[in-house]
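See structure below.
The values are calculated or read from the model by the stated rules, or taken from the named source; none is laboratory data. Remember, it's a predicted structure, so these values are computed and weren't measured experimentally. As a convention, Cβ positions derive from the backbone with ideal geometry for all residues, glycine included, and neighbour counts pool all protein chains shown.
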Amino acid sequence: MMTLKVNGKDHQIDADPDTPLLYVLRDDLKLNAAKFGCGLGQCGSCTVIVDGKAVLSCVTPLLLLEGKQVTTLEGLGTIEAPAPIQRAFMEEQAAQCGYCIAGMMMRAQALLQRNPKPTDAQIRAEMEPNLCRCGTHMRILRAVRRASRLMDTADASQTLQGRAS
């Protein structure tokens, strides 16, 4: 039995330590945004964030996650109040089939958390491990740029609200 912290909540997990995180997320915790694509860490559809870094959950065993914070797409926002990255992907219509999009959003979120104003070259380099067969790459790039602006606007609003208090 181990404790796994996912989206800010502790979960008691009874699974073999070698079990890939993806299986626990989908089967035990019913968090289905991360997708099983290749199972080999080559497509990125299973990407989640662990302690601020984009991680391929299909090849990350539970034993590496003790004491770490796992964030899935479900932990970023809701339908009623989407996170800036989710809102940007919707506004740019970055999804076509939608299979890769959760992984794309998580990789973009990890990038924007450590570099709020990335260049196009930095965005492209960061997104490269995640595959999209539908070819929405340009819309994904626009969505990441939009999310950066949305996050900047949200940060500015919070700063102004803090000063008004």
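Within segment 121-147, restricting attention to residues that are among the charged types (D, E, K, R), surrounded by 14 or more Cβ atoms within 10 Å (Cβ to Cβ) and within 23 Å of residue 58 (Cα to Cα), which residue is nearest to the chain's Cα centre (by Cα)?
By that ranking, first place goes to 126.
If only one of 67, 8 is under 20 Å from residue 110 (Cα atoms), surrounded by fewer than 14 Cβ atoms within 10 Å (Cβ to Cβ) and either modelled with pLDDT of 95 or more or touching a Ser or Thr at 6+ places or on another chain (Cβ under 7 Å) (or both), which one is it?
Going through 67, 8 in turn, the sole match is 8.
I want to confirm something. Restricting to segment 2-21 and keeping residues that are under 17 Å from the mean Cα position of the chain (by Cα) and part of a loop (DSSP other than H, G, I, E, B), which single residue is nearest to residue 55 (Cα to Cα)?
Applying the filter and picking the extreme gives 7.
Against the condition touching a helix residue (DSSP H, G or I) at 6+ places or on another chain (Cβ under 9 Å) and part of a helix (DSSP H, G or I), how does residue 109 come out, does it pass?
Yes.
Which condition number in (1) within 28 Å of residue 15 (Cβ to Cβ); (2) at pLDDT 90 or above is the one that residue 91 fails?
(1)
Taking the options 24, 55, name whichever one is part of a strand (DSSP E or B), of a type outside the set (S, T, N, Q), modelled with pLDDT of 95 or more and out of contact with any Gly (no Cβ under 7 Å at 6 or more places or on another chain).
None of the other options fit; the residue is 55.
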